[in-house]
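The values are calculated or read from the model by the stated rules, or taken from the named source; none is laboratory data. Source: prediction; values computed, not measured. Cβ placement follows ideal geometry from the backbone for every residue including glycine, while neighbour counts extend to all protein chains displayed. Quick note on the areas: whole protein, heavy atoms, side chains included, nothing else; ligands and nucleic acids left out. Shrake-Rupley method; radii C 1.70, N 1.55, O 1.52, S 1.80 Å.
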Amino acid sequence: MNQALPPVVTTCSELTATIRRWKQQGRSIAVAPTMGALHEGHLSLVRAASSACDKVVATLFVNPSQFAPGEDLEKYPRTLQADLQKLGTLNTDLVFAPSEKEMYPPGFSTTVLPPALAMPLEGELRPGHFSGVATVVLKLLNLVQADEAFFGQKDFQQAAVIRAMVRDLNVPVQINVMPTVRESDGLAMSSRNAYLSAADRQRALALHRSLQAAQTLVTAGESSRTVIINRMRQEFDREQIHEIDYIELADPDTLLPVETVTPPTVALLAAKVGETRLIDNQILT
Ligand code: AMP
């Protein structure tokens, strides 16, 4: 059976016209911002959005300003037709899929200086990344005027940065962070998993195993940062993954490292498996 595709707009003015109409009708609006190449993780945000509000906007935009030179901007998967088909199976009222020029027209020069939470971890390894994220998310929030916005815990620091930005700049939207959706073997779903060779796909399980090992130690009463991180590192050693960007145990509110793990602490990881950089995290309870 042919699935009906959701309505798509590519310009800010078309989007604004629809939003204005919905607002006049008194509809509540939810937005789920994505870079496309949709998987179940993204779809979980759209489902949550449609249970929360009358109208759901999904955005598809591979945001160049959050990629540093030399990162995977050019090869990032772009699968618009498949994405629309997936969104057509859900209650998606509108898809906003702008071009780069629509979002960053000639003369564009304003950016968001992200909050302090953007400094460590991803911020340290990917300079400029969170400024790009904060800027595009603020633009999308301003355009969609949503009551609620949905993000994934998969990008823990990103969600924290967005929450802080929204609080600091008084953006009138409720931020919701949904649980990480995983493959049946535990690998966190990611558009970048498509880059993995079959062998690296198996090796990538080290990330989830490492988080599970941390949880097992904490459950058994272990609280030493060194003991837990050493145990987590073993999972990477076992798979001969040597390019570890960080294995961190941090306060979930400040993202500052903790010496003694007292729940809730968040364990965060980033590593390169083959050519593919993957991240994952888990709140240790
Ligand atoms: P991306 O397209 O990778 O920029 O992600 C768009 C949104 O989907 C972000 O809020 C991500 O945190 C969220 N997301 C990505 N992967 C997952 C996942 N496996 N589970 C839940 N949310 C996810």
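Based on this model, can you work out whether GLY123 counts as farther than 25 Å from ALA97 by Cα, in a helix (DSSP H, G or I) and either hydroxyl-bearing (Ser, Thr, Tyr) or within 15 Å of the chain's Cα centre (by Cα) (or both)?
On the way: farther than 25 Å from ALA97 by Cα: yes; in a helix (DSSP H, G or I): yes; either hydroxyl-bearing (Ser, Thr, Tyr) or within 15 Å of the chain's Cα centre (by Cα) (or both): yes.
So GLY123 fits the description; yes.
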Report, ordered by the first and then the second residue, all pairs with beta carbons closer than 9 Å, sequence separation of six or more or different chains, a first member in region 249-262 that is at positive phi, and a second member that is part of a loop (DSSP other than H, G, I, E, B) and open to solvent by less than 80 Å² (accessible area, probe 1.4 Å).
-> LEU255/PRO120; LEU255/LEU121
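In region 50-79, what residues are over 28 Å from PRO105 (Cβ atoms) and either open to solvent by less than 50 Å² (accessible area, probe 1.4 Å) or in a strand (DSSP E or B) (or both)?
Going through region 50-79, the residues over 28 Å from PRO105 (Cβ atoms) turn out to be 50-54.
If the condition is that a residue be over 28 Å from PRO105 (Cβ atoms) and either open to solvent by less than 50 Å² (accessible area, probe 1.4 Å) or in a strand (DSSP E or B) (or both), then SER50, ALA52, CYS53 are the ones that fit.
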Would you be able to tell me the number of residues in region 12-27 that are outside any loop (DSSP other than H, G, I, E, B), surrounded by fewer than 18 Cβ atoms within 10 Å (Cβ to Cβ) and touching a residue at least 24 places away in the same chain (Cβ under 8 Å)?
-> 3
For region 111-158 the number of residues that are within 11 Å of the ligand (Cβ to nearest atom) and touching a Gly at 6+ places or on another chain (Cβ under 7 Å) is 2
Considering only residues that are of a type outside the set (A, V, I, L, M), farther than 21 Å from VAL133 by Cα and open to solvent by 20 Å² or more (accessible area, probe 1.4 Å), look in region 80-103 and name the one that is nearest to the chain's Cα centre (by Cα).
-> LYS86
Which one of these does ALA160 not meet: (1) outside any helix (DSSP H, G or I); (2) touching a residue at least 60 places away in the same chain (Cβ under 8 Å); (3) among the hydrophobic types (A, V, I, L, M, F, W, C)?
-> (1)
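Filter region 28-37 for residues that are open to solvent by 10 Å² or more (accessible area, probe 1.4 Å) and of a type outside the set (Gly, Ala, Ser); which is farthest from the ligand (Cβ to nearest atom)?
Within region 28-37, the subset open to solvent by 10 Å² or more (accessible area, probe 1.4 Å) is 28, 33-35, 37.
Then drop every residue that is not of a type outside the set (Gly, Ala, Ser), which leaves 33-35.
Working: PRO33: 6, THR34: 4, MET35: 4 Å.
The extreme case among them is PRO33.
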Boolean, VAL161 is over 15 Å from ALA58 (Cα atoms), within 11 Å of the ligand (Cβ to nearest atom), at pLDDT 95 or above and within 17 Å of the chain's Cα centre (by Cα) = no
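Restricting attention to region 1-39, report how many residues are more than 22 Å from PRO98 (Cα to Cα) and not hydroxyl-bearing (Ser, Thr, Tyr). Lay out the reasoning, then the answer.
Quick first cut of region 1-39, residues more than 22 Å from PRO98 (Cα to Cα) only: 1-3, 24-28.
Filter once more, so that each one left must be not hydroxyl-bearing (Ser, Thr, Tyr): 1-3, 24-27.
Number satisfying all stated conditions: 7.
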Expected output for region 216-241 (first residue under 20 Å from ALA204 (Cα atoms) and at pLDDT 95 or above, partner in a helix (DSSP H, G or I) and open to solvent by 40 Å² or more (accessible area, probe 1.4 Å), Cβ below 6 Å, 6+ apart or cross-chain) is ILE228/LEU217; ARG231/LEU217; GLU235/ARG209; GLU239/ARG203
